[in-house]
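The values are calculated or read from the model by the stated rules, or taken from the named source; none is laboratory data. Because the structure is predicted, anything quoted here is derived from the model rather than measured. Here the Cβ is made from the backbone with ideal geometry for all residues, glycine too, and neighbour counts use every protein chain on show.
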Amino acid sequence: MTITEEHELDAMREIGRIVANTLQAMGRALEPGMTTAELDAIGATLLERDGAVSAPQSCYDFPGATCISVNEEIAHGIPGPRVLREGDLVNIDVSASKDGYFSDTGATFRLGKVRPKLDRLCKDGRRAMQIGINQVAAGKPLAGIGNAVGRFAKARDYTLIRNLASHGIGRTLHEYPEEIATWPVRRDRRRIEKGLVLTVEPFLSLGGLWADQGDDGWTLTAEPGAPTVQYEHTIVATASGAEVLTLPG
């Protein structure tokens, strides 16, 4: 959506705060021995408490309130009986709506101590997201997001998953512009309008190039197989830069 009224911005800040608070609370609750279903139940309770509706459930009939992806899983993991263990990488993606406005956020959490290269991957994954966000302002090219993230990834010897893109959001979970590359592209001539609401969510990997869907019809893994992290904010473009809407508070 493109925000044109102050009440729209207020509504987007509200649902952004809710999903951000939920994500952070789920991250704090992580501990070895809990199942992903137990972690998801925490998210479901928090969303309901704040009057929000899980977007994966309401939009796609997803079998969970949130998406929880562990280690080899990189996105759309179904909460269930999988037991979390020390050293796991756990990606939590929280998207929800309230009063007709949608927001989306995510992060990869380290459960206890992880290998140094995975610790570095997580830190650089967050940096990659911020580099993409820094390219957002009214009048700037949409392709600038992926081009900047691509330069960072190449300099640090990472790859980027190239079939999981950022997207417009607001009145629905996925809307125009429906595919915003977080990898380098040449042919996208679109410009960012003032008030445009979008996500920035690069998938930074130690070798993966594509997301491959598993037998359950939801869970995505990297192809070739490699550790992959994702960090995501919902933002709105202003004349001077980007306002992050998915901040806890």
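What to note about this one:
- Scoring SER95 on the criteria (1) of a type in the set (Gly, Ala, Ser); (2) surrounded by fewer than 17 Cβ atoms within 10 Å (Cβ to Cβ); (3) in contact with a helix residue (DSSP H, G or I) (Cβ under 7 Å, 6 or more places away or on another chain) leaves a single failure, condition (2).
- Boolean, ARG187 is among the basic types (Lys, Arg), more than 26 Å from THR2 (Cβ to Cβ) and in a loop (DSSP other than H, G, I, E, B): no
- Test result for THR105, in contact with a Gly (Cβ under 9 Å, 6 or more places away or on another chain) and crowded, with 22+ Cβ neighbours inside 10 Å: yes
- Residue in segment 139-150 that is closer than 28 Å to PRO56 by Cβ and surrounded by fewer than 16 Cβ atoms within 10 Å (Cβ to Cβ) present: no
- A Cβ distance below 7 Å, combined with a sequence gap of six or more or placement on separate chains, defines the contacts here; from segment 194-213, residues that are outside any strand (DSSP E or B) reach residues that are acidic (Asp, Glu) in the pairs GLU201/GLU232; GLY208/GLU223; LEU209/GLU223.
- Listing of helices (runs of 4 or more DSSP H) fully contained in segment 1-103 that carry 2 or more residues being without any contact (Cβ under 8 Å) to a residue 40 or more places away in the chain and more than 20 Å from GLY214 (Cα to Cα): 6-29, 36-49
- Unique residue being modelled with pLDDT of 95 or more and in contact with a Lys or Arg (Cβ under 8 Å, 6 or more places away or on another chain) when the list is GLY100, GLY106, GLY125: GLY100
- Scanning segment 113-120 for residues that are part of a helix (DSSP H, G or I), in contact (Cβ under 8 Å) with a residue 24 or more places away in the chain, within 19 Å of LEU209 (Cα to Cα) and out of contact with any Ser or Thr (no Cβ under 6 Å at 6 or more places or on another chain) turns up at least one hit.
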